[in-house]
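Worksheet: the structure to be examined is printed underneath.
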Amino acid sequence: MQSSIELNRTAETQYLLRIGDTCLILAQRLGEWCGHAPVLEEDIAMANIALDLVGQARAVLTRAGQIEGQAHDEDQLAFLRHERDYFNLTLVELPRGDFAFSVLRNTMVATWLKLLWERLATSNDAELAAIAGKAVKEARYHQQHSGDWVVRLGDGTPESRRRMTAALSDLWRYAPELFDTDAVDEEAAASGLGPLWSDLQAPWHADMEMILGEAGLAVPTASAFRSDGKRGRHSEHMGFILTDMQYLQRTFPGGVW
């Protein structure tokens, strides 16, 4: 069985892994909708969003491996790390939930990624800036598509509104992690690699309040709860995701398509 890789966890590497891992794990969750979405068109849309996120994850993980300097490629970084060496937002590892839960989560993350990619497009790392220039177009579409569903369900039937309200209550408490800034972010910002995540908070809230307002939904009150996946401290759900993701690579080391 393939052993896990050991990371050189510099601030720049960890900053990129936080982004790449968030895209990767959300793509894994969205893949669970294949064949289960409420309509065929949305089944295809969910799969396409997942594929976009996989592409973003591949590009960022590849760049992280180059910066890390230990010859770890995208597959090794995606499939051969211990749970504590993944740095995705906790929000994306939560179980799939119902359709309202998934489209609201997609909206929250896509809004955040859109703002992040816009700023990364001016990174002093030319490779990362090029990745961001393509990814921001995808994130804008993801935000629009998922946001339209939030409005449709929030301003729909009593049942759809109930489900969207429940999803909002469940998910909103994980939002502060999107803007939590620490020494990793500060070093990345100081070097010109990328922005402080806290800089995204005001525009993210403005976008989300507009979407929720159109849906007739109230922004929940702030919670004292804080998730910490970006530092490798995950929920109980992460291990089950990795069991599925890592099975083939660990059972058949070095396997390729």
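Each value in this text was obtained by applying a stated rule to the coordinates, not by laboratory testing. In this text, all values refer to a predicted model and were calculated from it rather than measured experimentally. A quick note on method: Cβ atoms are made from the backbone with ideal geometry, for glycine too, and the neighbour counts reach across all protein chains shown.
Ordered by packing density, taken as the mean number of other Cβ atoms within 10 Å over each peptide's residues, highest first, how do 14-23, 108-117, 29-38 rank?
Averaged packing, sorted descending, gives the order 14-23, 108-117, 29-38.
Kindly write out, for segment 11-22 in residue order, the coupling ³J(HN,Hα) from the Karplus curve 6.51 cos²θ - 1.76 cosθ + 1.60 (θ = phi - 60°), rounded to whole Hz, with x marking Gly and Pro.
Each residue's phi maps through the Karplus curve to give 4, 5, 4, 5, 4, 6, 5, 4, 6, x, 5, 4 Hz.
Straight-line reach from Lys137: which aspartates and glutamates fall under 16 Å, measuring Cα to Cα and dropping same-chain residues less than 8 apart?
Asp52, Glu118
Considering Cα pairs under 8 angstrom that are at least six residues apart, work out the relative contact order of the chain and quote it in whole percent.
Relative CO of the chain lands at 26 percent.
Pop out the ³J(HN,Hα) list for segment 110-117 in order, Karplus 6.51 cos²θ - 1.76 cosθ + 1.60 with θ = phi - 60°, rounded to Hz; leave Gly and Pro as x.
Going residue by residue, I get 5, 4, 5, 5, 4, 5, 5, 5 Hz, with x marking Gly and Pro.
Return one number: the angle in degrees, 0 to 90 and rounded to the nearest 10, between the long axis of the Cα atoms of helix 201-214 and the longest principal axis of the Cα atoms of the chain.
Roughly 30 degrees between the two axes.
Please state, to two decimals, what the Cα-based radius of gyration of segment 70-165 comes to when divided by 2.2 N^0.38 Å (N = residues).
Dividing the Cα radius of gyration by 2.2 N^0.38 Å gives 1.34.
Give the span of segment 168-215's Cα atoms along each principal axis, as three whole-Å numbers ordered largest to smallest.
Sorted largest first, the three principal extents are 40, 19, 11 Å.
So how strong a dipole does segment 11-251 carry about its Cα centre when Lys and Arg Cβ are +1 and Asp and Glu Cβ are -1, to the nearest 20 debye?
300 debye
For the pair Ile44 and Thr221, how long in nm is the line joining their label points, each one 7 Å along Cα→Cβ?
Taking the two extended label points, one gets 4.6 nm.
So how far, in whole Å, is the C-alpha centre of segment 43-62 from the one of segment 93-130?
11 Å
Which of rounded, prolate or oblate describes segment 167-253 when judged by the alpha-carbon gyration tensor and an a/c cut-off of 1.5?
Verdict is oblate for segment 167-253.
Just want the answer: with Cβ charges of +1 for Lys and Arg and -1 for Asp and Glu, which residue in Met210, Ala188, Ala71 is farthest toward the dipole's positive end in the chain?
Final value for the positive-end residue is Met210.
In nm, give the distance between the simple-model label positions of Tyr247 and Ser4, each being 7 Å from the Cα along the Cα-to-Cβ direction.
Placing both labels 7 Å along Cα→Cβ, they lie 2.0 nm apart.
Let me check the size of the chain from its C-alpha atoms; what are the radius of gyration and Dmax in Å?
Here Rg and the maximum Cα pair distance are 17.7, 54 Å.
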